[in-house]
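Each reported figure results from applying straightforward, stated rules to the coordinates on display, with no laboratory input. All values reported here derive from a predicted model rather than from experimental measurement. FYI the Cβ positions are ideal-geometry reconstructions off the backbone, even for glycines, and counts take in every protein chain you see.
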Amino acid sequence: MASERKPMMAANWKMNKTVREAEDYVAKLLPRVSDATDEVDVAVFAPFTSLPTVGRMTQDAAVIAGAQNLYFEDSGAYTGEVSAPMLKDVGTGAVIVGHSERREIFGETDETVARKAAKALEAGLVPIVCVGETKEERDAGGMWDKVSGQVRAVMEALDGPSGDAVVFAYEPIWAIGTGETASPEDAQEAIGQIRGLLGELGGEEFAGSVRILYGGSIKPSNAADIMAQDDVDGGLVGGASLEAESFVELVEAARRSVARDEDDAEERVVE
């Protein structure tokens with residue numbers, strides 16, 4: 001991780017936790033991460049039913065309440081959808097767009113994901129834009145065609161965002177919920193390619209400042225090695241975020257990566 005980019009550790013609860021369970025989790029989490037939030041952005045992406053509770057509990061804390069999806073219109077006859085103004089109204093600061101489960105299960109396209117990212121940005125929400133490939137695509141050598149197409153579609157829809165206004169997350173679909181994890185080197189290779197493409201599309205300054213997370217069975221046992229990679233700026237965490245204790249360990253791993261980068265920078269100055 002580059003020291004100029006503040007890492008983010010994001011808990012994606014997916015379709016888990018009642019309101020009471022969300023309250024208990026956040027109550028345990030906040031005191032455990034309060035000392036870390038100057039160095040690490042900590043975000044909790046809750047189901048819509050729990051989001052008002054998470055937004056209220058994190059209102060005076062340096063923890064970001066996040067949504068797992070949004071629609072690209074502000075209002076209208078869109079039964080079952082939730083808009084950016086609704087999310088802002090309950091204290092939401094960020095939103096996941098284009099998660100692989102939304103793409104693979106619910107048929108979201110590159111176009112709809114791009115429109116959602118643009119709407120989030122327009123509303124002042126930080127979009128966490130997910131990109132990634134299936135095992136079949138990877139095995140066939142089509143990983144980069146798939147991922148680069150997803151990145152290009154989003155960048156074409158955004159109007160010159162600053163690097164701190166949007167976050168990308170590389171999530172190899174074959175490693176989500178399977179226990180199979182890309183090696184740290186695999187994660188670095190893919191995320192490095194994405195950063196290079198962002199440089200072509202948005203300029204080197206943008207590419208150097210935008211954060212790119214890794215998502216795909218990241219857990220306390222492998223977080224340090226993944227966070228040690230130059231282009232990995234944190235994690236979008238599924239299963240390992242469902243217990244507050246496990247997620248705190250991941251936040252601490254991100255925090256240690258900051259300290260390590262600072263030590264490395266000091267050593268280079270001395271040399």
Inset, instruction - Tally the residues that are touching a residue at least 24 places away in the same chain (Cβ under 8 Å) and among the hydroxyl-bearing types (Ser, Thr, Tyr), restricting the search to the range 102-144. - result: 2
Inset, instruction - May I ask you to list pairs of residues, at least six apart or on different chains, whose Cβ atoms are under 9 Å apart, with the first in the range 191-217 being on the phi > 0 side of the Ramachandran plot and the second being in a helix (DSSP H, G or I)? - result: 216/173; 216/174; 216/175; 216/187; 217/175; 217/239; 217/240
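Taking the range 79-108 only, how many residues are among the acidic types (Asp, Glu) and surrounded by fewer than 18 Cβ atoms within 10 Å (Cβ to Cβ)? Talk me through it step by step, then tell me what you get.
Step one: list which residues in the range 79-108 are among the acidic types (Asp, Glu), which gives 81, 89, 101, 104, 108.
Within this subset, residues satisfying the condition of being surrounded by fewer than 18 Cβ atoms within 10 Å (Cβ to Cβ) are 81, 89, 104.
Here the count works out to 3.
Of the residues 193, 229, which single one is surrounded by fewer than 22 Cβ atoms within 10 Å (Cβ to Cβ), in a helix (DSSP H, G or I) and of a type in the set (S, T, N, Q)? Even if it seems obvious, please write down each step before you answer.
Details: 229 fails: in a helix (DSSP H, G or I).
On inspection, the qualifying residue turns out to be 193.
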Inset, instruction - Look at the range 199-220 and say how many of its residues are in contact with a helix residue (DSSP H, G or I) (Cβ under 9 Å, 6 or more places away or on another chain), in a helix (DSSP H, G or I) and not acidic (Asp, Glu). - result: 7
Inset, instruction - Could you tell me whether the range 61-68 includes any residue that is in contact with a Leu (Cβ under 6 Å, 6 or more places away or on another chain), under 29 Å from residue 227 (Cα atoms) and surrounded by fewer than 18 Cβ atoms within 10 Å (Cβ to Cβ)? - result: yes
